[in-house]
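The values are calculated or read from the model by the stated rules, or taken from the named source; none is laboratory data. In this text the structure is predicted, and so the values were computed from the model without any measurement. Backbone-built Cβ (ideal geometry, glycine too); neighbour counts: all protein chains shown.
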Amino acid sequence: MYPEYVSEHFLMSQKTLLDATEIHIALHRLACQLIEKHDNFTNTVLIGIQPRGGFLAKRLVTILENDYKIKNIQSGLLDITFYRDDFRRSEKPLAANETAINFVVENKKVVFIDDVLYTGRSIRSALTAIGDFGRPTEIELLTLIDRRFSRHLPIQPDYRGRQVDAIGGEKVKVCWQENEGEDAVYLIKEQI
């Protein structure tokens, strides 16, 4: 899907960090960790941070409901576009995504779900945005990929699929079957 190619100025190469089978295993492990902490989810809501966390959140809800028979999981999607600290600094307008939270988070345990934890700024924005829906008793963070050595804010995941040491010009790309046609995680390097 992302083959090596040469452009005018740089070469890009990629390394597969997780294939479809490894993602499947990681998602089931994360689901089990959520069950251990939240039991039947009666006072817990799962919220995918748009856009990429939405794919992961939907996958986890499907696994919890179908494979582990957890009923009535409350889940939603949170758009953080207008809460970002770079919203007004961007030269081009940022595209907003859908927020779909049809419940109040007041006195609930909230689990934010995102595909990659990088600088922590998206999570800071989500912490601000969730206040519009009430005051949770607790907030946790679940990420498929935790990029170490890149944090700008003191934010760490409570649940992680895999920790990756990506530095410099390296990027982590999570692909979902529903969006890119495959389940895979790549480490992409730009080389001049």
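Report, by residue number, each residue of the stretch 59-73 that is free of Cβ contacts under 8 Å to residues at least 40 places away in the same chain and in contact with a strand residue (DSSP E or B) (Cβ under 7 Å, 6 or more places away or on another chain). Answer for the stretch 59-73, where residues must be free of Cβ contacts under 8 Å to residues at least 40 places away in the same chain and in contact with a strand residue (DSSP E or B) (Cβ under 7 Å, 6 or more places away or on another chain): VAL61, ILE73.
Yes/no matrix, rows are residues, columns are (1) in a helix (DSSP H, G or I); (2) more than 13 Å from the chain's Cα centre (by Cα); (3) modelled with pLDDT of 95 or more:
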position	(1), (2), (3)
ALA129	yes, yes, no
ARG162	no, no, yes
GLY168	no, yes, no
VAL172	no, no, no
VAL185	no, no, yes
ILE188	no, yes, no
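Screening GLU106, GLU140, GLU98 for residues that are farther than 25 Å from ALA20 by Cβ and in a strand (DSSP E or B) leaves exactly one candidate, GLU140. Might you let me know whether the stretch 147-164 holds any residue that is polar (S, T, N, Q), in contact with a strand residue (DSSP E or B) (Cβ under 7 Å, 6 or more places away or on another chain), under 19 Å from ARG52 (Cβ atoms) and surrounded by fewer than 21 Cβ atoms within 10 Å (Cβ to Cβ)? Looking through the stretch 147-164, at least one residue is polar (S, T, N, Q), in contact with a strand residue (DSSP E or B) (Cβ under 7 Å, 6 or more places away or on another chain), under 19 Å from ARG52 (Cβ atoms) and surrounded by fewer than 21 Cβ atoms within 10 Å (Cβ to Cβ). Against the list (1) modelled with pLDDT of 95 or more; (2) assigned to a loop (DSSP other than H, G, I, E, B); (3) closer than 20 Å to LYS173 by Cβ, the condition TYR68 fails is (3). Just to verify a result, which residue in the stretch 2-19, among those that are exposed (fewer than 12 other Cβ atoms within 10 Å of the Cβ) and at pLDDT 60 or above, is farthest from the chain's Cα centre (by Cα)? My answer is LYS15. Checked against (1) modelled with pLDDT of 85 or more; (2) among the aromatic types (Phe, Trp, Tyr); (3) in a helix (DSSP H, G or I), PHE82 meets all criteria but (1). Only one entry of ASP132, ASP146, ASP183 meets the criterion of being of a type in the set (Asp, Glu) and under 21 Å from THR81 (Cβ atoms), and that entry is ASP132. Take the residues in the stretch 119-138 that are touching a Leu at 6+ places or on another chain (Cβ under 9 Å) and aliphatic (A, V, I, L, M); name whichever of them is surrounded by the most Cβ atoms within 10 Å (Cβ to Cβ). It comes out as ALA126. For the stretch 66-82, the set of residues classified as over 16 Å from PHE112 (Cα atoms) and surrounded by 16 or more Cβ atoms within 10 Å (Cβ to Cβ) consists of ILE70 only. Of the candidates HIS28, HIS24, HIS38, the single residue that is modelled with pLDDT of 95 or more, under 30 Å from LYS108 (Cα atoms) and in contact with a strand residue (DSSP E or B) (Cβ under 9 Å, 6 or more places away or on another chain) is HIS38. Flag set for ILE139, criterion: over 18 Å from TYR118 (Cβ atoms), modelled with pLDDT of 95 or more and of a type in the set (A, V, I, L, M).
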